[in-house]
Each structure stands twice: as C-alpha cells, then as structure tokens.
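The values are calculated or read from the model by the stated rules, or taken from the named source; none is laboratory data. Because the structure is a prediction, the values reported are computed rather than measured. In this analysis, Cβ positions are derived from the backbone assuming ideal geometry, glycine residues included, and neighbour counts consider all displayed protein chains. Keep in mind that these areas ignore ligands, DNA and RNA; they rest on the heavy atoms of the full protein, side chains included. Shrake-Rupley method; radii C 1.70, N 1.55, O 1.52, S 1.80 Å.
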Amino acid sequence: MKAKLLLILMIFLSRLSAQKVGVVLSGGGAAGSAHVGVLKSLEENQIPIDYIVGTSIGALVGAFYASGYSPEEIEALMNSAEFRDAATGTVEEKYLFYFMKDEDNSSIASLNFNLDSILGKNLPTNVISSIPIDYGLMELFSTANTVAGSNFDSLMVPYRAVAANISQQKQSVLKEGDLSKSIRAAMTYPFYISPITIDGDLMFDGGIYNNFPVDIMCNQFSPDYIIASNVASENPNPTEDNLLAQLRNILTKEANFEINCTKGIIIQTDVRDIATFDFYGTDLALQRGYEASNNYIDSIRTFVSRKIDQQSIAKKRSSFNLKKPILSFDSIRIKNGFKNQQKYLKNSLNLKEGPVYSENLKEEYYKFTSNPKINSAYPTAKYDSSTNTFSVQLDLKQEKKFKASFGGVIATKPFSTGFFQLEHKLLRNTELNTKANIYFGSFYNSAEASAKWDIPFYIPFYLKSKFSVNRYDYFNGRSTFIDDINPPYIINSENYWGNSIGLPIFTNGKLELGYNYLWQDYEYYQTDNFVRGDTSDRTSFEGSRFFIQFDRNSLNRKQYATKGSQLIMRLSAVSGLERTQTGSTTPIRSNLRAERDWFEAFFKFDKYLLRKRSVHLGVFLEGNASSLPLFQNYTASSLISPSFAPLPENRTIFQRQYRARSYAGAGIKAIYSYRDLIDVRGELYIYQPYEQLIQNPDGSASFATEIINRDFIGTVTAVYHSRLGPLAASLNYYEKAQDQWSFFVHFGYILFNKRGLE
C-alpha cells in the first residue's frame, strides 16, 4: 500500500515538474507596454515561461523576450526616446540627412499620386513612415533569428506571432522565416503604418482577426497552464465623430477574452486611459502591468508549483545571447533599384575595405531613404556562416511620381495665406525633381518654379535652378496692434532667377554655391500723410548676387522647434543698378540712377539644449556684417537692408527699428513641453545695430554713431502641434514700437518662398 502511494506521489510530482506554462500577450497599442511589467513580475516570482504567443504590440514584446532580452532591457528600450521616435515615424536627430531635405514651405498636408492610377491606388495607406521601424526591427532581431535558424521554436523561448492575412482573409500564425519581418507584419496597424508582404500575401496587425490568441497557444504548444496578459478591450461603440472607433468596428473581430482549452488565468491591466498611439504612456502602462501581475501570483501558484529562479533564467539567456553573431555587413543589394544608387551606397560604406557595423549601415540607410523619391526600402539581413557576416537587401519601393501639397496659414491678423505646390519626382540612375508652387493672400503672393537634378556619385551633389516671383503688400497686410496704427504704404515686388550647386557636409549639413539674378521693386510713400492723387516713390534694384553658404540643420520642426540645432554661415557679393523715381510727397525731386555694390557676411546659430524632462532651453545668435551703401532716401535704404526677424510675426510686418546693414542679435528660450504635443514658450531677444539708419530732414538717410541704441523683443507663445501643423497663440513685445504689445492666433506655418537676397 505504501509503495502504491509512493508511486502515485512520484507520478504527481513528475507531472508538476513537467508543467509547461504558456504566456499569451494581447494587442492594445501603446498600452501593451503593460506586458513588459507582467513578464518582469513573472520572472521575479520564479514563474516559468515556456512558450510565448503575441499579437500586435504583444508580438513585439513577446519577440523581445523570446530573443533573449531581459524585462529590464525591454523596459529601457520601450521607454527610450528612440522607441518613441520609431513608433511615430521620426528619424533620430543625428541621422537626419539634411542634404536631401527640401526647402521649408507652408504645406500642412500632401498627397502622392500617379496620373495613370485610379483613385484607390493614390489614396495614402499610412500616417507615419515605416523606415525607422523597419531598420530598428532588423537591427534588434536579426542575430536572434540567426541563432534560431529562422525557426521560432529554436529561440530562447518558443514563440509565435499572429498576423492578419488580408490576401486570404484569415489569420496567419508565423512560426518561421525572417523574425523581424514577422513582427513587423503582426504589428502593422491599418492606415497608421504601411502593410508588408510575406510570401506574396499582404499582412496587417494580428489584432484584426485575433486580438487575444489563446487558441493559438493551445493549438501550437498545448501547455499545461496559460497566463494571458490582456490590455485590449471590447470595441467601443462607434460614433459619428470618432474615426478610430469606426475603423476598429469595421476592421476587427470581437475577441473572446476567455481561456477554455486548458487551465489558466487572465491578468487584466487597467490601461483604458492610455490611447492607442500614446507612446508617452509606456512607463505608466508598464508599472500597472507589473502591479496587476503581482496581484495574481498567489492564484498562479495554486496551479503552477514549478519554479525557475532568476539565476537560472539569466544563465539560459546568457547562453542564448552568446551564440548571437556580431551584426556586421559585408555586402548590400538594392532590389528594384538602379545601378548608380547601389554603387553610391557601396562606395559610401567602403565595403571593399571590410565589413561595416550596424551603426555605419544605419547612417547610410537613413541617408538613402531620406530621398523624397523613395517610399520605403525594407531591409532584410541574411547571415553567411562562412564569413561570420551579414548581407543586407533593401527592397526598394519608389514613391509615386507626383505630389500635391496644400497649406498656408490662417491668422487673426491680415496675413492669412494659402499655399499649393505640385511636384514631379523622377527616379532613375540619376534623379530629377521639378515643382511649382503658389502663395496667395492679401499680404503675400508668390509663384515659384524649380528643377533639381540629384546625382548619386561617390560624393553626391545636386544642381538646382529656379525662378521666383514674390510680392509683399505691407499696406493691405497691415496690423492694428503693432508698429504704426496707420500702416506704411509699402509694396515690395521681386523676381529672381537662381542657380546653385549643393554638396553634403557630414550628415546634417550641406554646402551650397549659387548665383541669383534679381529684380527688386519697391513702391512706397515716405510719409503717412498721403491722399488720393498723390504719386508714390518707386525704387528698383536690378543686379547679380553670388553666394556661398554652409547650412547645418537638425531641428525637429520647421517652426516652433524644441530639439536639434541650426547653423548658417553665408558670404554674398551683390552688384547692380539702383533706379529711383520720386513721387509727389518727397522733398527729393530728382530721379536717380546709380551703381550699387556690396559684400555681406551672415551668421545664425539656433540650438536647443539642456533638456531635462519636459523643460528645454535654447540659445539664439544672429549677426550680419555688410558694406551695403545708402540708397537715395531713407525708406529705400531701410527696405533694401537686412532685417532681424527672430519671431514668425516679424516676417509679416515692416519694422524700421530692426533693419540695418550690420547688426547682432541674441536670444534665450525656455520651453515647457507636454509629450512633444503642447509647448509653452518664453523667448527674449536683444537686437543691437552697428550703425542704425536715421532719416534726415530732406528725406535722405545717414548712419548714426556706432552702437548707440538697442532693442528688446519678447514673446510668450502656447503651441499645439497637430499632425497638420501648429496652432499657436502669441503675445509679443517690441520695446521701440509705437504700440509695444501684439497678440494674435494662427494655425499653420508662417513661412514664405526665399527672397533673392536671402
């Protein structure tokens, strides 16, 4: 009898020791960071994890763990700025290839299209760029995939990812192949990020068909006990004004939040207040997942007596990770690309001198994909055991040939402006980009056409030519809050034809040499006391400008930046002819025709630094030194002079006190930023002209004694950064203005085409 009892006890204990535990991780967007807290809790409490199945964000977290990353490492990754950048399609500052960046304009929305395609093929399929995610997944998972031999059962923990196979209208359980590609497929949220193809089938987020894949765990691994971490919820009732709820109800099936194939428990973490794409809430979600899991440990122990201590887990993880090869590359191939581009990439990487590490490839990859003619270049790494290195293939997808951009600015002051641009992009062995845009409004009107030829030699360069027409009407675009209550009658019209050649200088910089031929025309009164029937003065300047400019730019936004820096250094030589025709209100009655020649050196430095949590500090320096001669009268001399314009509003008003041929300006900025979405900015600037212009009694101009007067500019601005553009409210202070305070609200970008003398 005792022997039988002993035998039964031994069988019972053997079964306990053989207990296999499967962990299921649901979908749920950014709230899925709670899964990391659950894994951390299970490890600390010595709960074994023998299998992992995940869908959507759960597929990513599960793949991290299965590939040998500890919960602490996963936590650091998911709470990092790099992870947030990738999740929002943003390239890190140090990888921004400024050479390929187009000139800033007022666009807030754009549409890429082909003329020979139907409407459905031209509609955008994604909100963010997949490029940072694609490279990041390859970098993080290629070595683990190599150790496993592309068999997910051979990872540190056997693993499955669930994706939605749209081509076959069913779920796909991914258990072999390229690991990073499988994860990418499983977490491709519809319309947020572009879909991906595996074996000819189009894949989307696994949560569409199965957001709680307990059945996959049972069918694939048959564990004795299942621990399911759930951050998903039932689909919200769709409403007329909630597009996300509408899409979720259209696209996704209701999940069955039950475990009915074996024993198990569901760890439900309350993360309902963390939005799908709120990747600033990952830390909070992780902590809640950790706390929720700890509350279930006693219940789990009722059924799972087997323990695995953290030292044993660390040993197993270390053993797996030591097998990972170094991620270095000795060859590169561009699928669907052209010879010159492939040759340029190989030369840039210097592969002939030996393999390169991932960091080097990453820099060149971002340079290559920064080209606006490239939609994506999905990277796949393959290991060669004979050389202990990887080869990488870039699956190139060209951007559609045409792009239409829309935008402008709507303001409570009369400088509201519309914007439209049409662009044609041609990608061959060399690249040609042609575009034309227009601005239209009461203050500013412009039309510009340009052509840019990019040549991907060993050192790439571009040739650019453009013709621009600009018109600024400071009278109709007047302001009632600043400067003069009765605005000056000033209309500036200019045409110029420009040609330039550009070369990259490291990653964030470029050198440009150019020539502009320009026609400037100013129509103005030198007094505000004019009546109908008076004729205005008219000054024109026709001439040439040669310039060389170094520009380094890594600012994160084209207006109201909070990160990065910009450095501009420019030398210019200008030569031309002034013609002034006097009007009826000026004391100077003689017309003038005179040669004008001058040199100019310009410097600008704008940097954001000392970021501590939500607070940013910035510094601003600007200077201009010029030999610009005086024109016939004071107003003409002011109009041709460079201006100090550190605030967006400065570009929309004529302020004589901030115009001088030589000046220096400096500023400091303090910014409180909430999740990079809402900023409150305080900025203070000092402006010091070297020789301020003064008006003589006869209307002519002369220079004041050097360095006498200075001026202060201040602003407090609240900015909401929507996906379309900034919504900002500004209170500005101008010390020497007749009306010192200015308040206005605007939506969109206060940006214009470059002038011929800029």
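Inside segment 92-113, residues that are part of a loop (DSSP other than H, G, I, E, B), open to solvent by 40 Å² or more (accessible area, probe 1.4 Å) and not basic (K, R) make up a count of 4. Residues in segment 513-528 that are open to solvent by less than 20 Å² (accessible area, probe 1.4 Å), of a type outside the set (A, V, I, L, M) and modelled with pLDDT of 90 or more: G514, N516, Q520, Y522. Is at least one residue of segment 168-181 basic (K, R), closer than 22 Å to Y365 by Cα and surrounded by fewer than 17 Cβ atoms within 10 Å (Cβ to Cβ)? The answer is no; no qualifying residue exists. Checked against the criterion of being part of a loop (DSSP other than H, G, I, E, B) and either crowded, with 17+ Cβ neighbours inside 10 Å or without any contact (Cβ under 8 Å) to a residue 40 or more places away in the chain (or both), the candidates V531, V574 yield just one match: V531.
Highlighted here would be strands (runs of 3 or more DSSP E) found entirely within segment 352-415 that include at least 3 residues which are among the β-branched types (V, I, T) and either open to solvent by 60 Å² or more (accessible area, probe 1.4 Å) or at negative phi (or both), but there are none. The residues of segment 670-689 that are surrounded by fewer than 20 Cβ atoms within 10 Å (Cβ to Cβ) and either modelled with pLDDT of 90 or more or in a strand (DSSP E or B) (or both), listed by number, are A670, Y672, S673, Y674, I678, V680, G682, L684, I686, Q688. Regarding R538, is this residue farther than 21 Å from R651 by Cα, in a strand (DSSP E or B) and either more than 40 Å from the chain's Cα centre (by Cα) or among the charged types (D, E, K, R) (or both)? Answer is yes for this residue. Scanning segment 9-21 finds no residues that are more than 19 Å from T188 (Cβ to Cβ), modelled with pLDDT of 85 or more, in a helix (DSSP H, G or I) and small (G, A, S).
What residue, among those in segment 615-669 that are small (G, A, S) and in contact with a helix residue (DSSP H, G or I) (Cβ under 7 Å, 6 or more places away or on another chain), is least open to solvent (accessible area, probe 1.4 Å)? Filtering segment 615-669 for residues that are small (G, A, S) and in contact with a helix residue (DSSP H, G or I) (Cβ under 7 Å, 6 or more places away or on another chain), the one least open to solvent (accessible area, probe 1.4 Å) comes out as S638. Would you check if Y608 is under 30 Å from R681 (Cβ atoms), open to solvent by less than 50 Å² (accessible area, probe 1.4 Å) and in contact with a Leu (Cβ under 8 Å, 6 or more places away or on another chain)? Against the criterion (under 30 Å from R681 (Cβ atoms), open to solvent by less than 50 Å² (accessible area, probe 1.4 Å) and in contact with a Leu (Cβ under 8 Å, 6 or more places away or on another chain)), Y608 qualifies. Within this structure, A561 passes the test of being in a loop (DSSP other than H, G, I, E, B) and either of a type in the set (A, V, I, L, M, F, W, C) or buried (at least 19 other Cβ atoms within 10 Å of the Cβ) (or both). Restricting to segment 579-605, and then to whatever is part of a strand (DSSP E or B) and polar (S, T, N, Q), can you tell me which residue is surrounded by the fewest Cβ atoms within 10 Å (Cβ to Cβ)? Selected residue: Q581. The set of residues in segment 430-477 that are surrounded by 15 or more Cβ atoms within 10 Å (Cβ to Cβ) and among the aromatic types (F, W, Y) comprises Y439, F443, Y444, W453, F461, Y462, F467, Y472, Y474, F475. Among the criteria (1) over 28 Å from S465 (Cβ atoms); (2) open to solvent by 60 Å² or more (accessible area, probe 1.4 Å), the one S536 does not fulfil is (2). Looking at L244, is it at pLDDT 75 or above, over 19 Å from E43 (Cβ atoms), of a type outside the set (K, R) and outside any loop (DSSP other than H, G, I, E, B)? Criteria not met by L244. Selection of first residues in segment 543-555 that are of a type in the set (G, A, S) and of second residues that are modelled with pLDDT under 95 and not in a strand (DSSP E or B), restricted to Cβ pairs under 7 Å at least 6 apart or on distinct chains, gives the following pairs, ordered by first then second residue: S554/E93; S554/L96; S554/N508; S554/G564.
Condition check ((1) touching a helix residue (DSSP H, G or I) at 6+ places or on another chain (Cβ under 8 Å); (2) at pLDDT below 65) across all residues:
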| site | (1), (2) |
| --- | --- |
| S194 | no, no |
| I226 | yes, no |
| T239 | yes, yes |
| N249 | no, yes |
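For segment 165-174, the condition holds for no residue, the condition being that it is under 20 Å from F64 (Cα atoms), without any contact (Cβ under 8 Å) to a residue 40 or more places away in the chain and outside any strand (DSSP E or B).
Let's see how each residue does on (1) open to solvent by less than 50 Å² (accessible area, probe 1.4 Å); (2) within 17 Å of N388 (Cα to Cα); (3) among the hydrophobic types (A, V, I, L, M, F, W, C):
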site	(1), (2), (3)
K323	no, yes, no
R333	no, no, no
Q342	yes, no, no
K346	no, no, no
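The C-beta contact set for segment 392-406 (first residue within 16 Å of K181 (Cα to Cα), second residue open to solvent by 60 Å² or more (accessible area, probe 1.4 Å), distance under 7 angstrom, 6+ apart or interchain) comprises Q393/R333; Q393/K335; L394/K335; D395/K335; D395/N336; L396/K335; L396/N336. Residues in segment 701-757 that are over 18 Å from F620 (Cβ atoms) and of a type in the set (D, E, K, R): 6 in all.
To keep it simple, each residue is scored yes or no on (1) touching an Asp or Glu at 6+ places or on another chain (Cβ under 9 Å); (2) outside any helix (DSSP H, G or I); (3) of a type in the set (V, I, T); (4) in contact (Cβ under 8 Å) with a residue 60 or more places away in the chain.
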{"residue": "V271", "(1), (2), (3), (4)": "no, yes, yes, yes"}
{"residue": "D283", "(1), (2), (3), (4)": "yes, no, no, yes"}
{"residue": "T302", "(1), (2), (3), (4)": "no, no, yes, no"}
{"residue": "F320", "(1), (2), (3), (4)": "no, no, no, yes"}
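Here I208 does not qualify as at pLDDT 90 or above and β-branched (V, I, T). If you go through segment 275-296 and keep only what is among the aliphatic types (A, V, I, L, M) and in contact with a Lys or Arg (Cβ under 9 Å, 6 or more places away or on another chain), you end up with just L286. The set of residues in segment 251-307 being among the acidic types (D, E) and either under 20 Å from M217 (Cβ atoms) or modelled with pLDDT of 90 or more (or both) consists of E254, E258, E291, D298.
Among the residues of segment 695-736, those that are touching a helix residue (DSSP H, G or I) at 6+ places or on another chain (Cβ under 9 Å) and either open to solvent by 70 Å² or more (accessible area, probe 1.4 Å) or at positive phi (or both) comprise Q695, G699, N709, K736.
Of a type in the set (K, R), touching a helix residue (DSSP H, G or I) at 6+ places or on another chain (Cβ under 8 Å) and either open to solvent by less than 50 Å² (accessible area, probe 1.4 Å) or touching a residue at least 60 places away in the same chain (Cβ under 8 Å) (or both), is that true of K307? No, not satisfied.
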